[in-house]
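K.L.:
This is the structure, below, for whatever I ask next.
The values are calculated or read from the model by the stated rules, or taken from the named source; none is laboratory data. Every value quoted in this text rests on a predicted model; they were computed, and no experiment measured them. Using ideal geometry, Cβ is built from the backbone for each residue, glycine included, and neighbour counts are taken over all protein chains shown.
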Amino acid sequence: MTARVDSDEKVVGLEAGADDYLTKPFRPRELMARVKAVLRRSGKKEPVGKVLHAADIVLDRGAHAVQVGNRYVDLTPSEFDLLAALMSMPGHVYSRLDLLDLLQGVRFEGYERAIDLHIKNLRAKIELIPSAPHYIETVYGVGYRFARP
């Protein structure tokens, strides 16, 4: 990663042994895509936990199943992916654009309010009292996070 954008500098870097060349400023999504491409070329898989546990929710990626307490909850693919992202890092605040990027791979600012609808639907399915959420917290002016234990 460098601030040098001259094509000769890129050639020197690649000839020196770099697998890729990323100039500043860059978008985090581009960096992640490049890292994933290098991992694919090296034959290594991304480390992904099959089962996530947070609070009394168990999310099984392999079975595409969610259990809250002792009941199973049916989620849409978007709700499932959203919950998995939030549960993977309890306490971490995700902006609407970050969550949209995780769900759809794009960051269209006009669609960021779609995340609010997904959160509302998800809360209706997993929370005992959706209007007073216990699991998915709103961080006003920032985004959403899964509550810390």
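K.L.:
Which pairs turn up if I take residues in the range 128-146 that are under 11 Å from Y94 (Cβ atoms) and look for partners that are of a type in the set (D, E) with beta carbon separation below 8 Å, at least 6 apart in sequence or on another chain?
P.N.:
I136/E127; G143/D98; Y144/E137; R145/E137; F146/E137
K.L.:
I'd like to check something: does the range 113-123 contain any residue that is at pLDDT below 90, under 23 Å from L31 (Cα atoms) and either in a helix (DSSP H, G or I) or touching a strand residue (DSSP E or B) at 6+ places or on another chain (Cβ under 9 Å) (or both)?
P.N.:
No, every residue in the range 113-123 fails to be at pLDDT below 90, under 23 Å from L31 (Cα atoms) and either in a helix (DSSP H, G or I) or touching a strand residue (DSSP E or B) at 6+ places or on another chain (Cβ under 9 Å) (or both).
K.L.:
How many of the residues making up the range 76-106 are in contact with a strand residue (DSSP E or B) (Cβ under 8 Å, 6 or more places away or on another chain) and at positive phi?
P.N.:
First pass over the range 76-106, keeping only residues in contact with a strand residue (DSSP E or B) (Cβ under 8 Å, 6 or more places away or on another chain): 80, 83-96, 98-99, 102.
Now drop any that are not at positive phi, which leaves 91.
Number satisfying all stated conditions: 1.
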